[in-house]
Amino acid sequence: MERREQPAVQVPSLDGVTRERFLRDVYPRREPVVLKGMELGPCTTKWTVDYLSQAAGSKEVKIHVSAVPQMDFLSKNFVYRTLPFDVFVRRAAEVKHKDYFLSEDEKYYLRSVGEDVRKDIADIRKQFPVLAEDVQIPEYFEKEQFFSSVFRISSAGLQLWTHYDVMDNFLIQVTGRKRVVLYSPRDVPYLYLSGTKSEVLDVDNPDFEKYPLFAKAKRYQCYLEAGDVLFIPAMWFHNVISEEFGVALNVFWKHLPAECYDKSDTYGNKDPTAASRAIQILDRALKTLEELPEEYRDFYARRMVLRIQEKAYRNDNG
(Lines give C-alpha, C1' and ligand atoms only; values in the text may rest on other atoms or scores of the structure.)
Protein backbone atom coordinates (compact mmCIF):
# COMPACT_ATOMS: atom_id res chain seq x y z
CA MET A 1 0.00 0.00 0.00
CA GLU A 2 1.66 3.20 -1.19
CA ARG A 3 1.42 6.06 1.27
CA ARG A 4 3.25 9.35 1.52
CA GLU A 5 2.56 12.74 3.06
CA GLN A 6 1.97 15.68 0.75
CA PRO A 7 3.88 18.96 1.12
CA ALA A 8 1.76 21.86 2.28
CA VAL A 9 1.46 25.51 1.27
CA GLN A 10 1.09 27.71 4.32
CA VAL A 11 -2.06 29.83 4.42
CA PRO A 12 -1.00 33.50 4.76
CA SER A 13 -1.62 35.42 7.99
CA LEU A 14 -2.50 39.09 8.27
CA ASP A 15 -2.53 41.28 11.39
CA GLY A 16 -5.11 43.88 12.29
CA VAL A 17 -7.18 43.67 9.13
CA THR A 18 -9.97 46.25 9.10
CA ARG A 19 -13.32 45.65 7.45
CA GLU A 20 -12.37 48.01 4.64
CA ARG A 21 -9.06 46.27 3.98
CA PHE A 22 -10.68 42.83 4.11
CA LEU A 23 -13.32 43.78 1.56
CA ARG A 24 -10.82 45.59 -0.68
CA ASP A 25 -7.71 43.36 -0.58
CA VAL A 26 -8.62 39.95 0.88
CA TYR A 27 -12.19 39.04 0.00
CA PRO A 28 -11.93 39.47 -3.81
CA ARG A 29 -9.05 36.96 -3.97
CA ARG A 30 -11.35 34.13 -2.81
CA GLU A 31 -8.52 32.39 -0.96
CA PRO A 32 -8.15 31.38 2.72
CA VAL A 33 -6.32 33.74 5.06
CA VAL A 34 -5.71 33.77 8.83
CA LEU A 35 -6.72 37.05 10.46
CA LYS A 36 -4.78 37.81 13.63
CA GLY A 37 -5.22 40.49 16.27
CA MET A 38 -8.98 40.67 15.80
CA GLU A 39 -11.15 42.20 18.53
CA LEU A 40 -13.33 39.26 19.58
CA GLY A 41 -14.44 40.36 23.03
CA PRO A 42 -13.71 38.70 26.40
CA CYS A 43 -14.46 35.15 25.19
CA THR A 44 -10.80 34.26 24.48
CA THR A 45 -9.85 34.62 28.15
CA LYS A 46 -13.22 34.09 29.80
CA TRP A 47 -14.28 30.75 28.30
CA THR A 48 -12.69 28.31 30.71
CA VAL A 49 -14.27 24.92 31.39
CA ASP A 50 -15.62 26.19 34.70
CA TYR A 51 -17.10 29.34 33.18
CA LEU A 52 -18.68 27.51 30.25
CA SER A 53 -20.22 24.94 32.59
CA GLN A 54 -21.69 27.64 34.78
CA ALA A 55 -22.80 30.00 31.98
CA ALA A 56 -24.62 27.43 29.83
CA GLY A 57 -25.73 25.22 32.73
CA SER A 58 -27.43 21.87 32.32
CA LYS A 59 -29.11 22.53 28.98
CA GLU A 60 -29.32 19.24 27.04
CA VAL A 61 -27.12 19.09 23.96
CA LYS A 62 -26.82 16.47 21.23
CA ILE A 63 -23.20 15.50 20.63
CA HIS A 64 -21.08 13.25 18.42
CA VAL A 65 -19.17 10.55 20.31
CA SER A 66 -16.40 8.59 18.59
CA ALA A 67 -14.14 5.79 19.81
CA VAL A 68 -11.47 6.90 17.32
CA PRO A 69 -9.97 10.37 16.70
CA GLN A 70 -10.79 10.51 12.97
CA MET A 71 -14.50 11.00 12.57
CA ASP A 72 -15.95 9.83 9.25
CA PHE A 73 -19.35 11.14 8.24
CA LEU A 74 -19.60 8.72 5.31
CA SER A 75 -19.12 5.52 7.30
CA LYS A 76 -20.75 7.06 10.42
CA ASN A 77 -18.04 5.77 12.77
CA PHE A 78 -19.60 7.76 15.63
CA VAL A 79 -22.82 7.80 17.59
CA TYR A 80 -25.10 10.61 18.70
CA ARG A 81 -25.70 10.99 22.41
CA THR A 82 -27.32 13.60 24.64
CA LEU A 83 -25.74 15.11 27.76
CA PRO A 84 -26.31 18.15 29.96
CA PHE A 85 -24.03 20.87 28.61
CA ASP A 86 -21.99 21.22 31.81
CA VAL A 87 -21.36 17.47 31.94
CA PHE A 88 -20.43 17.41 28.26
CA VAL A 89 -17.90 20.27 28.56
CA ARG A 90 -16.08 18.61 31.45
CA ARG A 91 -15.97 15.27 29.63
CA ALA A 92 -14.75 16.87 26.40
CA ALA A 93 -11.89 18.52 28.31
CA GLU A 94 -10.75 15.15 29.75
CA VAL A 95 -8.26 12.79 28.12
CA LYS A 96 -9.48 9.69 29.97
CA HIS A 97 -13.06 9.31 31.17
CA LYS A 98 -14.48 7.61 34.22
CA ASP A 99 -17.93 7.90 32.69
CA TYR A 100 -18.22 7.15 29.00
CA PHE A 101 -20.43 5.72 26.23
CA LEU A 102 -17.97 3.77 24.06
CA SER A 103 -14.50 3.81 25.59
CA GLU A 104 -12.50 5.61 28.26
CA ASP A 105 -10.60 7.62 25.62
CA GLU A 106 -13.58 8.45 23.39
CA LYS A 107 -13.75 11.82 21.64
CA TYR A 108 -16.56 14.36 21.84
CA TYR A 109 -17.78 16.95 19.38
CA LEU A 110 -20.57 19.51 19.64
CA ARG A 111 -21.92 21.30 16.59
CA SER A 112 -24.74 23.55 17.76
CA VAL A 113 -28.04 23.39 15.90
CA GLY A 114 -31.33 25.26 15.96
CA GLU A 115 -34.17 24.27 18.25
CA ASP A 116 -35.84 22.53 15.31
CA VAL A 117 -32.99 21.26 13.09
CA ARG A 118 -35.33 21.04 10.10
CA LYS A 119 -36.42 24.67 10.32
CA ASP A 120 -34.06 26.67 12.54
CA ILE A 121 -30.47 27.67 11.87
CA ALA A 122 -27.72 27.59 14.48
CA ASP A 123 -27.39 31.00 16.11
CA ILE A 124 -25.32 31.39 19.27
CA ARG A 125 -27.48 34.36 20.27
CA LYS A 126 -30.50 32.06 20.48
CA GLN A 127 -29.01 28.75 21.63
CA PHE A 128 -26.38 30.17 24.03
CA PRO A 129 -27.42 33.78 24.73
CA VAL A 130 -25.20 34.21 27.82
CA LEU A 131 -22.11 33.11 25.92
CA ALA A 132 -23.07 35.24 22.91
CA GLU A 133 -22.64 38.34 25.06
CA ASP A 134 -18.92 37.53 25.39
CA VAL A 135 -18.27 37.41 21.64
CA GLN A 136 -17.69 40.27 19.23
CA ILE A 137 -18.17 38.73 15.78
CA PRO A 138 -16.21 40.45 12.99
CA GLU A 139 -19.03 41.85 10.86
CA TYR A 140 -17.14 42.00 7.60
CA PHE A 141 -20.38 41.45 5.68
CA GLU A 142 -23.79 43.10 5.57
CA LYS A 143 -26.27 42.17 8.29
CA GLU A 144 -28.76 40.77 5.78
CA GLN A 145 -26.07 38.39 4.49
CA PHE A 146 -25.75 36.65 7.87
CA PHE A 147 -26.78 33.01 7.78
CA SER A 148 -25.66 31.24 10.97
CA SER A 149 -23.26 31.24 13.90
CA VAL A 150 -22.29 27.68 14.83
CA PHE A 151 -20.88 27.05 18.30
CA ARG A 152 -18.37 24.16 18.36
CA ILE A 153 -16.51 22.29 21.09
CA SER A 154 -14.03 19.49 20.36
CA SER A 155 -11.97 17.03 22.38
CA ALA A 156 -8.20 17.15 21.97
CA GLY A 157 -7.12 15.04 18.99
CA LEU A 158 -10.50 15.03 17.26
CA GLN A 159 -10.31 15.23 13.46
CA LEU A 160 -13.29 16.12 11.29
CA TRP A 161 -13.81 14.82 7.76
CA THR A 162 -12.83 16.86 4.69
CA HIS A 163 -15.80 18.75 3.29
CA TYR A 164 -16.87 21.99 1.65
CA ASP A 165 -19.57 24.52 2.51
CA VAL A 166 -21.53 26.56 -0.01
CA MET A 167 -21.26 29.80 1.97
CA ASP A 168 -18.30 31.92 3.01
CA ASN A 169 -17.38 31.66 6.66
CA PHE A 170 -15.10 32.77 9.46
CA LEU A 171 -13.75 30.02 11.70
CA ILE A 172 -13.15 31.86 14.96
CA GLN A 173 -10.84 29.92 17.27
CA VAL A 174 -11.84 31.12 20.73
CA THR A 175 -9.77 28.74 22.90
CA GLY A 176 -7.36 25.89 22.16
CA ARG A 177 -5.33 25.18 19.03
CA LYS A 178 -6.44 23.76 15.67
CA ARG A 179 -4.72 22.63 12.51
CA VAL A 180 -6.68 23.17 9.31
CA VAL A 181 -5.83 21.52 5.98
CA LEU A 182 -7.54 23.01 2.94
CA TYR A 183 -7.92 22.20 -0.77
CA SER A 184 -8.98 24.53 -3.56
CA PRO A 185 -12.35 24.07 -5.31
CA ARG A 186 -10.33 23.50 -8.48
CA ASP A 187 -8.93 20.29 -7.03
CA VAL A 188 -12.37 18.69 -6.81
CA PRO A 189 -11.42 16.09 -9.50
CA TYR A 190 -8.79 14.68 -7.12
CA LEU A 191 -10.77 14.55 -3.86
CA TYR A 192 -13.07 11.55 -4.43
CA LEU A 193 -16.28 13.27 -3.43
CA SER A 194 -19.38 11.73 -1.98
CA GLY A 195 -21.81 14.62 -1.77
CA THR A 196 -20.01 17.51 -0.06
CA LYS A 197 -17.46 15.21 1.61
CA SER A 198 -14.20 13.60 0.53
CA GLU A 199 -13.74 9.85 0.87
CA VAL A 200 -10.06 10.44 1.73
CA LEU A 201 -10.24 10.40 5.50
CA ASP A 202 -6.55 10.36 6.41
CA VAL A 203 -5.16 13.43 4.66
CA ASP A 204 -1.82 13.08 6.49
CA ASN A 205 -1.20 9.51 5.36
CA PRO A 206 -3.41 8.99 2.30
CA ASP A 207 -3.69 5.64 0.57
CA PHE A 208 -2.58 6.51 -2.97
CA GLU A 209 -3.29 3.00 -4.22
CA LYS A 210 -6.95 3.49 -3.38
CA TYR A 211 -7.00 7.23 -4.16
CA PRO A 212 -4.25 7.80 -6.76
CA LEU A 213 -5.54 11.16 -8.00
CA PHE A 214 -5.40 12.60 -4.49
CA ALA A 215 -1.63 13.02 -5.00
CA LYS A 216 -2.46 15.85 -7.43
CA ALA A 217 -4.44 17.85 -4.85
CA LYS A 218 -2.53 20.90 -3.62
CA ARG A 219 -2.57 20.98 0.17
CA TYR A 220 -2.87 24.27 2.08
CA GLN A 221 -2.41 24.34 5.84
CA CYS A 222 -2.51 26.63 8.85
CA TYR A 223 -2.50 26.48 12.64
CA LEU A 224 -5.05 28.52 14.57
CA GLU A 225 -4.27 29.79 18.05
CA ALA A 226 -6.82 31.25 20.46
CA GLY A 227 -8.05 34.53 18.98
CA ASP A 228 -7.26 33.67 15.36
CA VAL A 229 -9.90 33.87 12.65
CA LEU A 230 -9.65 31.79 9.46
CA PHE A 231 -11.53 33.03 6.41
CA ILE A 232 -12.74 29.98 4.44
CA PRO A 233 -14.29 30.96 1.10
CA ALA A 234 -17.25 28.96 -0.15
CA MET A 235 -16.36 25.63 -1.78
CA TRP A 236 -12.87 25.46 -0.27
CA PHE A 237 -12.47 21.99 1.24
CA HIS A 238 -11.25 21.85 4.81
CA ASN A 239 -10.16 19.17 7.26
CA VAL A 240 -9.86 20.23 10.91
CA ILE A 241 -7.99 18.61 13.78
CA SER A 242 -8.23 19.96 17.34
CA GLU A 243 -4.72 19.72 18.72
CA GLU A 244 -6.11 20.75 22.12
CA PHE A 245 -9.52 20.83 23.74
CA GLY A 246 -11.03 23.94 22.25
CA VAL A 247 -14.03 26.12 21.59
CA ALA A 248 -14.74 27.73 18.24
CA LEU A 249 -17.45 29.66 16.45
CA ASN A 250 -18.19 29.46 12.72
CA VAL A 251 -20.00 32.43 11.21
CA PHE A 252 -21.51 31.79 7.77
CA TRP A 253 -22.84 34.44 5.42
CA LYS A 254 -24.42 34.46 1.98
CA HIS A 255 -21.96 35.42 -0.72
CA LEU A 256 -24.56 34.99 -3.49
CA PRO A 257 -27.99 36.66 -3.66
CA ALA A 258 -30.35 35.07 -1.12
CA GLU A 259 -32.58 33.54 -3.81
CA CYS A 260 -29.67 31.38 -5.03
CA TYR A 261 -29.74 29.23 -1.89
CA ASP A 262 -32.04 26.36 -0.97
CA LYS A 263 -34.59 27.79 1.44
CA SER A 264 -34.83 24.46 3.28
CA ASP A 265 -31.10 24.46 4.06
CA THR A 266 -30.53 24.95 7.79
CA TYR A 267 -26.91 23.73 7.82
CA GLY A 268 -25.53 25.81 4.96
CA ASN A 269 -24.29 22.79 3.03
CA LYS A 270 -26.88 22.26 0.29
CA ASP A 271 -25.70 23.18 -3.18
CA PRO A 272 -27.18 26.36 -4.69
CA THR A 273 -30.50 25.64 -6.39
CA ALA A 274 -29.15 26.28 -9.89
CA ALA A 275 -26.28 23.84 -9.27
CA SER A 276 -28.70 21.20 -7.98
CA ARG A 277 -30.87 21.58 -11.09
CA ALA A 278 -27.84 21.34 -13.37
CA ILE A 279 -26.66 18.14 -11.68
CA GLN A 280 -30.13 16.62 -12.04
CA ILE A 281 -30.13 17.49 -15.75
CA LEU A 282 -26.67 15.96 -16.14
CA ASP A 283 -27.79 12.78 -14.40
CA ARG A 284 -30.71 12.52 -16.85
CA ALA A 285 -28.34 13.10 -19.80
CA LEU A 286 -26.02 10.35 -18.59
CA LYS A 287 -28.99 8.05 -18.17
CA THR A 288 -29.97 8.79 -21.76
CA LEU A 289 -26.46 7.89 -22.97
CA GLU A 290 -26.97 4.39 -21.58
CA GLU A 291 -29.26 3.75 -24.56
CA LEU A 292 -26.17 3.75 -26.80
CA PRO A 293 -23.55 1.01 -27.24
CA GLU A 294 -20.39 1.45 -25.17
CA GLU A 295 -18.27 2.81 -28.03
CA TYR A 296 -20.82 5.54 -28.80
CA ARG A 297 -21.48 6.25 -25.14
CA ASP A 298 -17.77 6.83 -24.54
CA PHE A 299 -17.47 9.12 -27.57
CA TYR A 300 -20.45 11.33 -26.70
CA ALA A 301 -19.55 11.45 -23.02
CA ARG A 302 -16.14 12.84 -23.99
CA ARG A 303 -17.85 15.40 -26.22
CA MET A 304 -20.05 16.42 -23.29
CA VAL A 305 -16.99 16.90 -21.09
CA LEU A 306 -15.40 19.11 -23.75
CA ARG A 307 -18.63 21.14 -24.00
CA ILE A 308 -18.71 21.64 -20.23
CA GLN A 309 -15.05 22.72 -20.21
CA GLU A 310 -15.66 25.15 -23.07
CA LYS A 311 -18.85 26.69 -21.69
CA ALA A 312 -18.44 26.56 -17.91
CA TYR A 313 -14.77 26.44 -16.89
CA ARG A 314 -13.03 29.66 -15.92
CA ASN A 315 -10.61 30.95 -18.55
CA ASP A 316 -7.84 32.23 -16.26
CA ASN A 317 -4.78 30.19 -15.44
CA GLY A 318 -5.37 29.95 -11.67
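For residue 210, the aspartates and glutamates whose Cα comes closer than 20 Å to its Cα, not counting residues fewer than 8 places off in the same chain, are 2, 5, 72, 187, 199, 202. Only protein heavy atoms count here; under a 1.4 Å probe, residue 18 has an accessible surface of about 70 Å². Pairs of Cα atoms nearer than 8 Å and 6+ residues apart set the relative contact order; for the stretch 1-76 it is 27 percent. Under a Gaussian network description of the chain, with springs only between Cα atoms under 10 Å, the residue in 20, 243, 39 that fluctuates furthest is 20. For the stretch 109-160, trypsin sites (Lys or Arg not before Pro) meeting the loop criterion (DSSP other than H, G, I, E, B) and having at most 11 other Cβ atoms within 10 Å: 118, 119. Computed from the C-alpha gyration tensor, the three semi-axes of the ellipsoid equivalent to the chain are 35, 24, 20 Å, from longest to shortest.
Put a plus charge on the Cβ of each Lys and Arg, a minus charge on the Cβ of each Asp and Glu, and nothing anywhere else: the dipole of the stretch 1-155 about its Cα centre is then about 260 debye. Report, in listed order, any pair from 36/270; 76/143; 126/216; 59/270; 36/119; 197/254 with a Cα-Cα distance greater than 32 Å. Correct reply: 76/143; 126/216; 36/119. Carbon and sulfur together cover what percent of the accessible area of the stretch 191-288 at a 1.4 Å probe radius? Of the solvent-accessible surface of the stretch 191-288, carbon and sulfur hold 56 percent. Of all the options 178, 98, 107, the one that moves most in a Gaussian network model of the chain with Cα springs shorter than 10 angstrom is 98. For the stretch 69-117 versus the stretch 127-147, the spacing of their alpha-carbon centroids is 25 Å. Take every Cα pair under 8 Å in the chain that's 6+ residues apart, average their separations, divide by the length, and report that relative contact order as a whole percent. Contact order relative to length: 23 percent. Inter-label distance, residue 208 to residue 104: 4.0 nm, where each label sits 7 Å from its Cα along the C-beta direction.
Heavy atoms of the protein chains alone define the surface here; on that basis the chain has 53 Å² accessible area per residue at 1.4 Å probe size.
The values are calculated or read from the model by the stated rules, or taken from the named source; none is laboratory data. As the structure is a prediction and not an experimental result, all values here were calculated from the model. Cβ sites come from the backbone with ideal geometry, for glycine too, and all protein chains shown count toward neighbours. When the accessible area is computed, the model is the full protein with side chains, heavy atoms only, and any ligands, DNA or RNA have been set aside. Shrake-Rupley method; radii C 1.70, N 1.55, O 1.52, S 1.80 Å.
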